[in-house]
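One structure is given below, encoded as structure tokens.
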Amino acid sequence: MEAAQQGEVLIAYCDCYTCHKEDKDSVGPAFKAIAERYPVQQVYIDLLAQKVISGGKGSWGSATMSPHPKVSLEEAKLMVTYILSFKQNSIK
Ligand code: HEC
């Protein structure tokens, strides 16, 4: 399975969709908006994966992302790879 597909499955089994939608802003930014902001480069994948694990706020607005300490760095990178795949795929 490709990394993006693995990330899609991991996201489906986690709580991500309670705050994120694919193409509309919700509590958190749309996956598509995140994909448009960041280049698909290792440095951003690492940065965003770390943010998924530690949570935080301030990059998009005043809402806070909850931390996900049970998500491993490896899993978080797969999740981010899926989110950034919305850049090439335009709309799914
Ligand atoms: C409690 C609501 C909530 C949940 C659950 C949540 N997020 Fe978020 N997420 C947010 C908010 C709010 C932001 C914007 C944070 C900011 O402004 O810095 C965000 C931002 C992001 C970003 C962009 C970070 C940045 O610095 O630009 C990514 C990537 C992301 N979330 C992925 C995920 C993934 C993957 C999951 C599931 C493991 C998840 N989120 C679960 C609310 C949530």
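The values are calculated or read from the model by the stated rules, or taken from the named source; none is laboratory data. Everything numeric here is computed off the predicted structure, so don't read it as measured data. All Cβ positions, even for glycine, are placed from backbone atoms using ideal geometry, and neighbour counts span all protein chains on display. Keep in mind that these areas ignore ligands, DNA and RNA; they rest on the heavy atoms of the full protein, side chains included. Shrake-Rupley method; radii C 1.70, N 1.55, O 1.52, S 1.80 Å.
Out of the residues in the range 54-90 that are open to solvent by 60 Å² or more (accessible area, probe 1.4 Å) and not in a loop (DSSP other than H, G, I, E, B), which is nearest to the ligand (Cβ to nearest atom)? By that ranking, first place goes to GLU75. All conditions in (1) touching a residue at least 60 places away in the same chain (Cβ under 8 Å); (2) of a type in the set (A, V, I, L, M); (3) near the ligand (Cβ under 10 Å from one of its atoms); (4) out of contact with any Asp or Glu (no Cβ under 6 Å at 6 or more places or on another chain) hold for LEU10, with the sole exception of (4).
The residue of the range 1-53 that is most open to solvent (accessible area, probe 1.4 Å), among those that are of a type in the set (Ser, Thr, Tyr) and either assigned to a helix (DSSP H, G or I) or in contact with a Gly (Cβ under 7 Å, 6 or more places away or on another chain) (or both), is TYR13.
I'd like to know if the range 39-50 contains one or more residues that are near the ligand (Cβ under 8 Å from one of its atoms) and over 16 Å from LEU73 (Cα atoms). So far as the range 39-50 goes, no, none of its residues is near the ligand (Cβ under 8 Å from one of its atoms) and over 16 Å from LEU73 (Cα atoms).
Close contacts from the range 13-37, counting a first residue that is touching a residue at least 40 places away in the same chain (Cβ under 8 Å) and a second that is acidic (Asp, Glu) and more than 8 Å from the ligand (Cβ to nearest atom), with Cβ to Cβ under 8 Å and a gap of 6+ residues or different chains, come to PHE31/GLU22; PHE31/ASP23; LYS32/GLU22; LYS32/ASP23.
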